[in-house]
Amino acid sequence: MSISQAIGSKETSQNSYEERLQIKRLQEPTLVITSSAGSDVVKGLTQTTKSLPPRYFYDDRGSELFEQICELPEYYVTRTETAILQEYSREIAQTTGSCELVELGSGSSTKTRILLNAYHQAGYPLHYVPIDVSAGMLESTALQLLTEYPTLTIQALAGTYEVALVQLEPTKLPTRTICFIGSTLGNLNSQECDEFFCQIINALQPGEYFLLGIDLQKPKHLLEAAYNDSQGVTAAFNLNMLEHLNRLYQGSFDTTQFEHYAFYNEKENQIEMHLRSLRSQTVELQALNLTVSFDKDETILTEISRKFDLNTIQHELKAKGLVPQKVWTDKNQWFGLILCQLQSH
């Protein structure tokens, strides 16, 4: 169902969907070719050790596959964080008080519903700002949420975090909480992590909040199973990146000639996901005027997923001015949820 159909066919007892929903496209979801578009692909594929930015996972198909990953029995991350939210969401709402919820990489907003329920039960108004690169996912999720929460208003932003954070409008509620849950911080290396925290700080006013979910260090066999599921969904998610690049940049990647390869790098405390070439081959990306040669068994690094020490990350956040107010974990200490407040400059 499209937004126009929803507006034309449904009206709640509160307001029409049109009054309660805005979707703003900060960039085309297909990353329209510009003079600079694809420069990150060229840079990554012409390095000695080839790599691709994780943002290319997330066309509409990639977003759907990631939602499937979150339901896999091996993928402990989602259900562990969900359990923490279910136990402590009321405490989060009590700590922040009435606030606007901004979520980076919102997807289907499954875990966000736990927070919305807590704020609703506390009697607070509900205003939600989901941010995701998949406009299709944003639209379908927003329409579902409006049905579930008759008083909810949504201002969805389709684009990258970097673009969206600088375009946040001042909140009309007493405060704001930016949510970065799901352990996505682990996809950033140390330098990128520092830059990201600076972006968060610039998007918040003193006294506003940052809710961060992080995957914690744990035994290798648990980590590697989570990224090599028996159903092959993670492999499909990884390979879909090549299909996405084919569409964007007139590419000739043959996904049957690459395989998913993921392992835990114990020295760096990070999972590494690669795409491994099954033979010597050459690939073209015509729109980028790029030809890339692969040796047999050569890999493309598509993602890292860092695993954090809870005390260390708290010190890093505090040093940035994001002072941890509350910290929650599960009984196994597999996952951490940290609620920070930006201190006055």
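The values are calculated or read from the model by the stated rules, or taken from the named source; none is laboratory data. All of these numbers come straight from a predicted model, not from anything done at the bench. Every residue, glycine among them, receives a Cβ derived from its backbone with ideal geometry; neighbour counts consider all protein chains shown. Accessible surface is based on the protein model in full, side chains and every heavy atom, while ligands, DNA and RNA are left aside. Shrake-Rupley method; radii C 1.70, N 1.55, O 1.52, S 1.80 Å.
Quick notes on this structure:
- Angle in degrees between helix 112-121 and the longest Cα principal axis of the chain, rounded to the nearest 10: 0 degrees
- Residues Tyr249, Tyr261 ordered from highest to lowest accessible area at a 1.4 Å probe: Tyr261, Tyr249.
- Where region 171-263 is the region considered: accessible area per residue in Å², 1.4 Å probe: 39 Å²
- Near Thr256: Cβ cut-off under 12 Å, other residues only, Lys/Arg at +1 and Asp/Glu at -1. The net charge is -2.
- For Gln231, the shell of other residues with beta-carbons less than 11 Å away shows a net charge of -3, using +1 for Lys and Arg and -1 for Asp and Glu.
- The length gained on full extension between Thr151 and Lys267, counted as 0.36 nm times the residue separation minus their Cα-Cα distance, comes to 36.9 nm.
- Point-charge dipole on Cβ atoms (K/R +1, D/E -1) for the chain, about Cα centre, debye to 20: 540 debye
- Folded to 0 to 90 degrees: helix 76-96 orientation relative to the chain principal axis, Cα: 30 degrees
- Taking amide hydrogens as placed 1.01 Å from N in the peptide plane, the amide H of Asp229 sits under 5 Å from those of Thr234, Ala235, each at least 5 positions away in sequence or on another chain.
- Set Lys50/Lys220; Lys267/Lys307; Lys307/Lys331; Lys267/Lys296; Lys218/Lys326 screened for pairs whose C-alpha atoms are more than 19 Å apart: Lys50/Lys220; Lys267/Lys296; Lys218/Lys326
- Scanning the chain for trypsin sites (Lys or Arg not before Pro) in DSSP loops with at most 15 neighbouring Cβ atoms within 10 Å leaves 11-171 as the longest stretch between them.
- Think of each Lys and Arg Cβ as +1 and each Asp and Glu Cβ as -1; about the Cα centre, that makes the dipole of region 249-345 roughly 540 debye.
- Qualifying GluC sites (Glu not before Pro) in region 47-155, DSSP loop, other Cβ atoms within 10 Å at most 13: Glu71
- Centroid-to-centroid separation of region 159-227 and region 71-140 [C-alpha atoms, Å]: 13 Å
- Mean accessible surface per residue for region 44-95, computed with a 1.4 Å probe while every protein chain stays in place, in Å²: 48 Å²
- Seen against the Cα atoms of the chain and their longest principal axis, helix 135-148 is set at about 30 degrees.
- Cβ charges +1 (Lys, Arg) and -1 (Asp, Glu), total dipole of region 48-105, debye: 240 debye
- Of the solvent-accessible surface of the chain, computed with a 1.4 Å probe and all protein chains present, 46% belongs to carbon and sulfur.
- Nonlocal amide H pairs with Ser51, under 5 Å, H built at 1.01 Å: Leu45, Leu301
- A DSSP coil position with no more than 11 other Cβ atoms inside 10 Å describes the following GluC sites (Glu not before Pro) in region 233-305: Glu266.
- Annotation for Lys331 and Val163: the two label points, set 7 Å from Cα along the Cα-Cβ direction, are 4.5 nm apart.
- Farthest toward the positive end of the dipole of the chain, out of Ser280, Phe57, Ala203, is the Cα of Ala203, where the dipole comes from beta carbon charges about the Cα centre.
- Karplus-based coupling profile of region 165-176, in residue order and whole Hz: 4, 7, 10, 5, 7, x, 6, 8, 8, x, 8, 9, with θ = phi - 60° in 6.51 cos²θ - 1.76 cosθ + 1.60 and x standing for Gly or Pro.
- Using a Gaussian network model of the chain in which every pair of alpha carbons under 10 angstrom is joined by a spring, one finds that among Ile300, Ile154, Ile313 the greatest mean-square fluctuation is at Ile313.
- The mean sequence distance of close C-alpha pairs (under 8 Å, at least 6 residues apart), as a share of the length of the chain, puts its relative contact order at 21 percent.
- Here is the result for region 153-242: no chymotrypsin sites (Phe, Trp or Tyr not before Pro) lie in DSSP coil with at most 15 other C-beta atoms within 10 angstrom of their C-beta.
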